[in-house]
Structures are given as structure tokens and as C-alpha cells.
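Please treat every number below as a calculation from the coordinates, not as lab data. From a predicted model like this one, the values you see are computed outputs, not experimental measurements. Because the Cβ atoms are built from the backbone with ideal geometry, glycine has one as well, and the counts that use them run over all protein chains shown.
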Amino acid sequence: MNLMMPLLRRSVSSLLMVAAISPFTACAQTPAAPVATKKPVVVVVATGGTIAGAGASSANSATYQAAKVPVDKLIAGLPELADVAEVRGQQAFQIASESFTNEKLVALGKQVSALVKDPSVNGVVITHGTDTLEETSFFLNLVIRSDKPIVVVGSMRPGTALSADGALNLYDAVSLAASPSARGKGVLVMMNDDILSGRDVAKRVNIKTNAFGSQWGPLGMMVERRAYWFRAPVKRQTTKSEFDIDTITTLPEVAIVYGSGNMGTLGVEAATKAGVKAIVHAGTGNGSVPDYGVEGLKAARAAGIQIIRSSRIADGFVLRNSEQPDDKYDWVVAHDLNPQKAKILAALALTKATSSADLQRMFWEY
Ligand code: ASP
């Protein structure tokens, strides 16, 4: 063994020399290696969630309290971030994401908008609970008029758990927000190595670390600080959006009514009585409405409420004038947006006091 060591060392050093002078080394590294000049500035806006959670013991991967660890501690707990960017923290909220409200969404949007307008800021990361991360990422994707990288990140296990996923997710998110290659791709979600579009990402598994996905697949992957891209979003977003958080103060109320066998009429009746501005009907299959439910929805429409047909099925998309005569009833279809994303777009669309035709246009375009 001892005799072999000098040999091994020599062959390793000659390999390194070959690598240093080889004309192939530069082009073998297609995604540009991080350049060590002035570090990009990334602001981490913390909202709570499991990524800031803590459990009683390392064996508690699913039983813990969300929203416990403040942003400064999250950042300080990950010294590797200093290699990637100059990281600053802001504590927006400290809540579990199921407690997000429209007021909080609007406030967060304004905070992110102010940050991306700051010329010294290169990118923004939002730490977030995973339960409604898909709503917030879609909302920000629609209302922030900037092409700077904005990355939403969470974790499925608290930092105190064995095999906690938050540290790598946060490291990846900051690396992605610091990467010029993430510019202009809309609001991104960084989870479990995958880079996903905030538009169509959804929580699809509620207990495992591969919780997030999109029926259209991830946009790319993060590996050791580098973004590897494979596709780009085509829908309108951020700089190409007609919505602007700087002009929005409140969002109108939109209700989701969930479809099932024997769903009854109570949900639609209650939403109509409550005076919501739109009902997202999370129908069965292709956004189907039961025969006994049609009259209630027609009555709601006649009362000025927009009706948006979505589906309780995770994948696929609702076809217009299939299952129900949308033209005749003046209803809208949600395209491929799941009910909770359709609710976000409907609320924003209604801030512009649009017709159902305009609403449908938005559902095709965003
Ligand atoms: N209920 C938590 C939340 O959404 C779950 C999580 O963050 O994973 O805040």
C-alpha cells in the first residue's frame, strides 16, 4: 500500500495537469461555474412553515410545531450560504401556511415587490409552509413585475428531524435566486432538487419529501449550486402579467365548492348567500356538475357571481363546452389550474371588474 501511494499521487497530479490544459475542460462544464467576484445579494423573506419548524426529538418527522425558528437563526444555521451569496433575512410572518389569508398574500406581495425594485438585490427567496405554497407561488408569479429570480421554498420535515430536508432545499433556493440563469422564468419553487414553475406546481404527497410536482414536469434541477434547465414556462407571468401588486389593496372573496357523488346543493347555496364574487366548482372528472346542481349555479351566475369550472382531478384540464354548455350558461373553465390556483386567478381577475369573456381569456393566458 505504502509503495503504491507515490504512484497514486503522481497519477492523480498528472491527471489534474491534463485537466488543466485540456481544451475539453471549458466546454465540458456547460452550466457556468459560479464566479467568485462580488457575491450576489439574496434576501430571504421568512413566513414560517415546517422549514422553520421544530419537533420534540429527532424521531419526530411528522409531529412537530411549524413556524418556530426565526429567519436569522435559519440563515445562521446554514453557514454554507455565505459561499453562495450575501444573504439578508426579513421576517414577514411566523405562521403555518394553512393560516395564510388574502391580507397576508397581498402584504407579502408588496414586500417582495419592494425588494426586487431595490437595485442592490439580485434575488429573493421566500420560506413558506408547504400546505399553501402552491397558492402563494402562483399569486406572486402573477403580480410581481420583475424578471429577477424569486424562489419559494419549504420543507417536509422540521430542521430537528433525522434526514431533515430544509437545509438543502434552502441552500438550493438561495443558489437558484443568486443565479442569473433563473431570471425571467417566473416565480420558481425549489423542492427536493427540483426547480418547478410557481404556476403549476402542486403539493401532491402530504408526508414524503418528494411532495411537490407538476403534471407538466419540473423546469430543471439544482445540483451542487448549479441550475440545470430542461424547459421554460410559456404562460404569461411577472413582467408580462397585467396584474401588479403595487395597485392591489384587497382581493375579492372566491369560494371553492368541492364535487363528489351526492354532493348536494348546500355548498353552492351557502356561497351564493354569502355574496362571494366567484365560485370555483371543483367538479368530478372533466369539471362535471350533477344534474341537480346546474340550476343553483345558473342562479348564482344570474346574481352576478362568476362560475369557474375546475376539477378535483389532479391532472388533465377542463375542456370548455364539454360536460356543460359554458357558452350558453356564461360560465368559465379553469383550463389546467387546480381549484386552489383557479381561486387565486379568479380573485385577481375580479380586481379588474371583468366580463366572463375577459375572465376566460385570463384562464387561457395565465
Ligand atoms: N402545515 C405546515 C405549513 O404549511 C406544513 C409544512 O410546512 O410542510 O405550514
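Add -39500 (n - 2.57) for each DSSP H run of 4 or more in the chain, then divide by its residues: what number comes out at 222 nm, to the nearest 500 deg cm²/dmol? Walk me through the numbers before you get to the answer.
Values: 12 runs with 116 residues, N = 366.
Only helices count here, giving -9000 deg cm²/dmol.
Average the reciprocal distances over every distinct pair of alpha-carbons in the chain, invert the result, and give the Kirkwood radius in Å. Mind dumping the intermediate values first?
Working: mean 1/r = 0.0453 Å⁻¹.
Hydrodynamic radius (Kirkwood, Cα pairs) of the chain is 22.1 Å.
Indicate the gyration tensor shape class of segment 251-366 (rounded, prolate or oblate), computed on the Cα atoms with a ≥ b ≥ c the square roots of the eigenvalues: a/c under 1.5 is rounded; otherwise a/b larger than b/c is prolate and the rest oblate. If you can, show how the numbers build up before the last one.
On the way: a/c = 1.39, a/b = 1.10, b/c = 1.27.
Rounded, because the longest to shortest axis ratio a/c is under 1.5.
In whole Å and largest first, what semi-axes does the C-alpha gyration tensor of segment 294-362 yield when each eigenvalue is scaled by 5 and square-rooted?
Details: eigenvalues 59, 49, 22 Å².
Gyration-tensor ellipsoid for segment 294-362: 17, 16, 11 Å.
For the chain, find the longest principal axis of its Cα atoms and tell me its angle to the long axis of helix 166-177, 0 to 90°, nearest 10.
Value to nearest ten degrees: 90.
Enumerate the amide H contacts of GLY220 below 5 Å, restricted to partners 5 or more residues apart or on another chain; note that Pro and chain-start residues carry no placed amide H.
Hits under the 5 Å cutoff: ILE195, PHE230.
Once both axes come from the Cα atoms, what is the angle between helix 339-350 and the longest principal axis of the chain, in degrees from 0 to 90, rounded to 10?
Tilt relative to the chain: about 70 degrees.
Mind checking segment 285-366 for GluC sites (Glu not before Pro) that DSSP puts in a loop (not H, G, I, E or B) and that have at most 10 other Cβ atoms within 10 Å? Intermediate values should be presented prior to the final figure.
Working: sites: GLU295, GLU323, GLU365; in loops: GLU323.
Here no GluC sites (Glu not before Pro) fit, given the DSSP loop and packing criteria.
Segment 198-280: which chymotrypsin sites (Phe, Trp or Tyr not before Pro) are DSSP loop and have at most 10 other beta-carbon atoms within 10 angstrom? Could you put the intermediate results ahead of the total?
Working: sites: PHE212, TRP216, TYR228, TRP229, PHE230, PHE243, TYR258; in loops: TRP216, PHE230, PHE243.
When the chymotrypsin sites (Phe, Trp or Tyr not before Pro) of segment 198-280 are filtered for loop state and at most 10 Cβ neighbours within 10 Å, PHE230 remain.
What ranking of VAL234, VAL289 emerges when the number of other C-beta atoms within 10 Å of each C-beta is taken as an exposure proxy, fewest first? Don't skip to the end; give the middle numbers.
Working: VAL234 9, VAL289 23.
Final ranking by Cβ density, sparse to dense: VAL234, VAL289.
Of all DSSP beta bridges located in the chain, what percent are antiparallel, nearest 5?
Working: 14 of 46 bridges.
Restricted to the chain, the bridges split so that about 30 percent are antiparallel.
Rounded if a/c is under 1.5, else prolate if a/b is larger than b/c, else oblate: which is segment 173-273, with a ≥ b ≥ c the root eigenvalues of its Cα gyration tensor?
Working: a/c = 2.93, a/b = 1.61, b/c = 1.83.
Oblate is the answer for segment 173-273, as a/c is 1.5 or above yet b/c matches or exceeds a/b.
Note the angle between two axes, namely the Cα long axis of helix 4-21 and the longest principal axis of the Cα atoms of the chain, as a number of degrees from 0 to 90, rounded to the nearest 10.
60
Enumerate the amide H contacts of VAL41 below 5 Å, restricted to partners 5 or more residues apart or on another chain; note that Pro and chain-start residues carry no placed amide H.
GLU86, ASN122, GLY123
For segment 43-98, just say rounded, prolate or oblate: build the C-alpha gyration tensor, square-root its eigenvalues into a ≥ b ≥ c, call rounded for a/c under 1.5, and beyond that prolate if a/b exceeds b/c, oblate if not. Mind showing how you got there, number by number?
Details: a/c = 3.04, a/b = 1.50, b/c = 2.03.
Oblate.
Would you mind calculating the relative contact order of segment 189-318 from Cα pairs under 8 angstrom and at least 6 residues apart, reporting the percent as a whole number? Before the final figure, lay out each step's value.
Details: 173 pairs, mean separation 22.0, N = 130.
Relative contact order of segment 189-318: 17 percent.
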